[in-house]
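To start, the structure under review is shown below, and the notes come after it.
Every number in this text was worked out from the coordinates using simple rules, so none of it is lab data. Nothing here was measured: the structure is a model prediction, and the numbers come from that model. Here the Cβ positions follow ideal geometry from the backbone for every residue, glycine too, while neighbour counts run over all protein chains shown.
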Amino acid sequence: MYQLSGVTKQYRRGKDTIHALADVDLTIGDGDRLVIQGPTGGGKSTLLQMLGGLDRPTSGRVELDGTDLAKLPEARLTRVRAESIGFVFQTFNLVPTLTAQENVETALVPLGVKAGERRERAARALDSVGLGERLRHLPSEMSGGQQQRVAIARALVKNPRVLLADEPTGNLDESMRDEIMDVLDAMWEEHRLTFVMVTHDSSIARKAPRLATIRKGRITVTERKDVPPSAGGAGTRNAGGADTDTKTKTDTDTETETDSATGEEALGKR
Ligand SMILES: Nc1ncnc2c1ncn2[C@@H]1O[C@H](COP(=O)(O)OP(=O)(O)OP(=O)(O)O)[C@@H](O)[C@H]1O
Ligand SMILES: [Mg+2]
């Protein structure tokens, strides 16, 4: 699980210092579903970057199962990201020249999965998000909702334990938005993920049993008992005991991975 304490992130802009996160304390349990909202510029994406080890705090601790991500050497951090953390972004971030299947495969390259198994697992992941018929389509040949499904398959094909989504429905119309939320929640359930999602969508926030609001870098967490668990209810599902504590594999690091193994190069297409 995540344990953040005193997390501060400052950006310097000339003479100015921007306090993107100010002394954030936060606990996120295994299998939790946390929704984050707040005004633009409040620090939501910055917090997600800390959780994902995409950036380091200026001060404070970002512990994932007792390991402080802020202090991990770069190679170890890269490994944690590649194995344990799936990301979904508002703009899908697919490689335009790769097919759906190839885009999903890119997540397995840093893990050293062989080509045949990569193809198979990518096809299965796409099938699980309802895109079994679209393996050979390029992003430009798919709707926004379909592209986001590809991105979700790419995030989950490696069986991560954490899924981080930054406004995953922000570029979609209302019907697509509901579809993608259904897919994300189904994946959260099925994979017993720890799921943290940033949203500007008040109808999603309203239904969240655990809601964090970030304003000017400061966080407030609200737990709401009046929201039924069926509306994305974290907490009810943990009783069965998620198999999460065996999933962090950082101790077996080979420390040879880099983030450059993505896209065409990674698949040997260049
Ligand atoms: N790389 C950077 N360099 C300088 N300032 C930055 C950088 N990244 C973020 N900031 C600043 O930090 C603050 C928090 O930004 P962040 O992107 O976390 O906000 P947000 O809550 O995600 O906003 P939005 O809802 O618009 O996505 C903002 O004032 C932003 O301008
Ligand atoms: Mg943001």
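Report the local net charge at Val227: Lys and Arg +1, Asp and Glu -1, summed over other residues whose C-beta lies under 13 Å from its C-beta.
For residues surrounding Val227, the net value is +4.
Summing +1 for each Lys or Arg and -1 for each Asp or Glu, what net charge is found among the other residues whose Cβ lies under 10 Å from the Cβ of Tyr2?
Counting the neighbours of Tyr2, the net charge comes to -4.
Can you give the Kirkwood hydrodynamic radius of the stretch 2-230 from its Cα pairs, in Å with one decimal?
Roughly 18.2 Å, rounded to one decimal.
Please compute, for the alpha-carbon atoms of the stretch 1-136, the extent along each of the three principal axes and give them in descending order in Å.
50, 31, 30
Given the rule -39500 (n - 2.57) for each run of at least 4 DSSP H residues, summed and divided by the residues of the chain, what is its mean residue ellipticity at 222 nm, to the nearest 500 deg cm²/dmol?
Taken over the chain, the calculation gives -8500 deg cm²/dmol.
So for the pair Glu141, Val227, with labels modelled 7 Å out along Cα→Cβ, what separation do we get in nm?
Here the modelled spin labels are 3.9 nm apart.
Per residue of the stretch 120-133, in order, report the coupling 6.51 cos²θ - 1.76 cosθ + 1.60 (Karplus, θ = phi - 60°) as ³J(HN,Hα) in whole Hz, putting x for Gly and Pro.
For the stretch 120-133, the Karplus curve yields 4, 5, 5, 4, 5, 4, 5, 4, 5, 9, x, 10, x, 8 Hz.
With a sphere of radius 15 Å drawn around the Cβ of Glu133, what net charge do the other residues whose Cβ falls strictly inside it have (Lys, Arg +1; Asp, Glu -1)?
Values: positive: Arg124, Arg134, Arg136, Arg149; negative: Asp127, Glu141.
Its environment carries a net charge of +2.
Exposure proxy check: Thr169, Thr97 ranked by fewest other beta carbons within 10 Å?
Ordered from fewest to most neighbouring Cβ atoms within 10 Å, Thr169, Thr97 come out as Thr97, Thr169.
So what J values fall out for the stretch 96-110 if you push phi through Karplus, 6.51 cos²θ - 1.76 cosθ + 1.60 with θ = phi - 60°, rounded to Hz, Gly and Pro as x?
x, 8, 9, 6, 3, 4, 5, 4, 5, 4, 4, 6, 8, 4, x
Take Lys114, Lys158 and order them by how many other Cβ atoms sit within 10 Å, fewest up front.
Values: Lys114 9, Lys158 19.
Final ranking by Cβ density, sparse to dense: Lys114, Lys158.
Out of the DSSP beta bridges found with both residues in the chain, what percent are antiparallel (nearest 5)? Walk me through the intermediate numbers first.
Values: 22 of 39 bridges.
So the antiparallel bridges in the chain amount to around 55 percent.
Relative to the present Cα-Cα distance, how much length would full extension add between Asp127 and Thr27 at 0.36 nm per residue of separation? Numbers along the way, then the final one.
Values: separation 100, 0.36 × 100 = 36.00 nm, distance 3.34 nm.
Computed gain between Asp127 and Thr27 is 32.7 nm.
At what distance in nm do the modelled label points of Thr40 and Glu264 sit from each other, each positioned 7 Å from its Cα along Cα→Cβ?
3.4
Simple spin-label model, 7 Å along Cα-to-Cβ: Glu117 to Arg206 in nm?
A separation of 4.7 nm, rounded to one decimal place.
In what order do Arg161, Arg177, Arg119 fall by count of nearby beta-carbon atoms within 10 Å, going from fewest to most? The partial results should precede the final answer.
Working: Arg161 24, Arg177 21, Arg119 17.
Starting with the residue having the fewest Cβ neighbours, the order is Arg119, Arg177, Arg161.
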